[in-house]
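Please read the structure below before turning to the comments.
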Amino acid sequence: MGNLQLDMKIGDTRPKFVTPVLDSDGAAISLSGASAVLNIQLPDQTLVTKTLNVDTPAANGIVSYQWLVGDLPVIGDYKFEVQVTFGDGTKQTFPPKGYGTISVHADLD
């Protein structure tokens, strides 16, 4: 995967979550016929799942999600992973070790 650290302010809905899905050599994995979800663990350990868009062309292995108000409801550190279900029904989770992190910070207003 690409950037495993994202910093945002509470209430923001940009930047859009965008990441490439990469193999162990750093090459893009084709997502033709695949679907993907973003699993997010909130600071209180609650798990939330969001459906990701597979961007075109799918061969580039890019997934994205446009944040909505309330998706990141509290200040703190969130863990995330991307789970891909390929056209043949097999699944793979990225990153394969550890998790990505979204740090949500306080806003001045």
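The values are calculated or read from the model by the stated rules, or taken from the named source; none is laboratory data. Since this is a predicted model, take the numbers as computed values, not measurements. When we count neighbours, we look across all protein chains shown, and the Cβ atoms used for this are built from the backbone with ideal geometry, even at glycine.
Before moving on, here are some points about what is shown:
- Strands (runs of 3 or more DSSP E) wholly inside segment 1-101 containing at least 2 residues that are touching a Pro at 6+ places or on another chain (Cβ under 9 Å) and aliphatic (A, V, I, L, M): 5-9, 62-65
- Taken over segment 82-109, the residue count meeting the criterion of being within 12 Å of Ser35 (Cβ to Cβ) and of a type in the set (Lys, Arg) is 1.
- Just one of (1) among the hydrophobic types (A, V, I, L, M, F, W, C); (2) in a loop (DSSP other than H, G, I, E, B); (3) within 19 Å of Asp12 (Cβ to Cβ); (4) at pLDDT 95 or above fails for Leu108. It is (4).
- Of the numbered criteria (1) touching a helix residue (DSSP H, G or I) at 6+ places or on another chain (Cβ under 9 Å); (2) surrounded by 15 or more Cβ atoms within 10 Å (Cβ to Cβ), the one Ser32 fails is (2).
- Residue match in segment 58-65 (condition: exposed (fewer than 14 other Cβ atoms within 10 Å of the Cβ), modelled with pLDDT under 95, closer than 19 Å to Ser103 by Cβ and not charged (D, E, K, R)): no
- Residue within segment 85-92 that is at pLDDT 95 or above, in contact with a strand residue (DSSP E or B) (Cβ under 6 Å, 6 or more places away or on another chain) and of a type in the set (A, V, I, L, M, F, W, C) present: no
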